[in-house]
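Some notes on the structure that comes next.
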Amino acid sequence: MDSLIYLYGLIPTEEAGKQQIPAINGFDGKGGIYTLPIGKATAIICDLDAEQYSEENIKEQINSDMEWLQEKAFHHHETVMMLSKMYTVIPLKFCTLFKNQGSLANAVQTKEAHLVDTFSSIHGNEEWNLKIYCDDQLLKKQVSQSNQTIEAKREEISHLSKGKQFFEKKKLDKLIESELEEEKNRISENIHVHLSEIALKGNVKRTWSNDVTGRKDEMTWNSVYLIPAANVENFLEQIQQYEKGMKGMGWQFEATGPWPAYHFSNFS
């Protein structure tokens, strides 16, 4: 039986010929990773025992063995990070497997034109992530004091009877929450538009809950950018300026990178 093929990423064959990949262990910790040229793209792969690493066995390991999952996910991440520092790489998701070299070669060949275009679009560029956090209580206080819509509602309530004021103040609380969310989105979107002008591309991602981040402040924005290497310094300086000017208002900025271009390349 043929070995399963574990695919870490794809690099231009032209680049693969200029320097060899380091000698490091593959996914199973035994065999090494190696290259497989397939036309204009070269796959970075390793072999796996087909029985031990069957789809069913991997799912069971992922669902039942957190230590195994963390070890293997770290291995995949570190390998792809290493590749991204050496080559223009299209990174693959964790546990991307093919039945054999033939099935992998067929998949690559059918998408060669797309892969070549992707190599061109990410070459010389870096992926950076920006997460924006906000102290809702601090910003709510500011919004409550300065928002014209809220001030108008307060003025309206002040002219009502005591009985009606009670119910209208409940509505006011909901209005403040609504205006708070709008303010957070407005500010974050303006920052995103500005930073996207420095980048080639900018995508918005889903925010994470506090259970995931482990932080008290809320994640207000989560975005990712593809930036020419020459623009990265300016990109980070702009974020530092936002941090400096907005920290006292409850805003925090977390920029991380460079990462392999997961969000700006794909190979299904």
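The values are calculated or read from the model by the stated rules, or taken from the named source; none is laboratory data. Here the structure is a predicted model, which means the values were calculated and not measured. Note: ideal-geometry Cβ built from the backbone for every residue, glycine included; neighbour counts use all protein chains shown. Accessible surface areas use protein heavy atoms only, side chains included; no ligands, DNA or RNA. Shrake-Rupley method; radii C 1.70, N 1.55, O 1.52, S 1.80 Å.
So here's what we get for this one:
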| read-out | value |
| --- | --- |
| Accessible area of the stretch 180-268 belonging to carbon and sulfur atoms, whole % at 1.4 Å probe | 48 |
| Solvent-accessible surface (1.4 angstrom probe) belonging to residue 132, in square angstrom, nearest 10 | 0 |
| Under 12 Å from the residue 50 label point (7 Å along Cα→beta-carbon), backbone N, the stretch 1-35 | 1-5 |
| Centre separation in Å (Cα based) which lies between the stretch 204-228 and the stretch 83-128 | 26 |
| Solvent-accessible area of residue 56 with every protein chain in place, 1.4 Å probe, in Å² to the nearest 10 | 150 |
| Amide H partners (placed H, <5 Å) of residue 126, local residues excluded | 227, 229 |
| The stretch 53-102 shape via C-alpha gyration tensor axes, a/c threshold 1.5 | oblate |
| Rounded to whole Hz, the Karplus (6.51, -1.76, 1.60) HN-Hα couplings of the stretch 216-222, x for glycine and proline | 7, 6, 7, 6, 8, 8, 9 |
| Crossing angle, helix 136-146 versus the chain [Cα axis fit, 0-90 degrees, rounded to tens] | 40 |
| Integer Hz, Karplus 6.51/-1.76/1.60 couplings in order for the stretch 4-20, x for Gly and Pro | 6, 10, 9, 9, 8, x, 10, 10, x, 4, 4, 6, 4, x, 8, 8, 7 |
| The chain, helix-only ellipticity at 222 nm - DSSP H runs n ≥ 4, -39,500 (n - 2.57), divided by all residues, nearest 500 | -16000 deg cm²/dmol |
| Probe 1.4 Å - accessible area at residue 249, Å² to nearest ten | 80 |
| Relative contact order computed over the chain (Cα-Cα under 8 Å; 6+ residues apart), in percent | 24 |
| Per-residue ³J(HN,Hα) for the stretch 33-41, Karplus 6.51 cos²θ - 1.76 cosθ + 1.60, θ = phi - 60°, Hz, x for Gly and Pro | 7, 8, 9, 9, x, 9, x, 7, 10 |
| Option label - Cα Rg over 2.2 N^0.38 Å computed here, alternatives [x] 1.09; [y] 1.35; [z] 0.96 | [y] |
| Fraction of accessible area attributable to carbon and sulfur, the stretch 1-103 (%, probe 1.4 Å) | 48 |
| For residue 205, residues with placed amide H under 5 Å, excluding near neighbours | 222, 223, 224 |
| By accessible area with a 1.4 Å probe, ligands and nucleic acids excluded, highest first: order of 192, 123 | 123, 192 |
| Mean accessible surface per residue for the chain, computed with a 1.4 Å probe while every protein chain stays in place, in Å² | 57 |
| 0 to 90° range, to nearest 10: angle between helix 148-158 axis and the chain longest Cα axis | 40 |
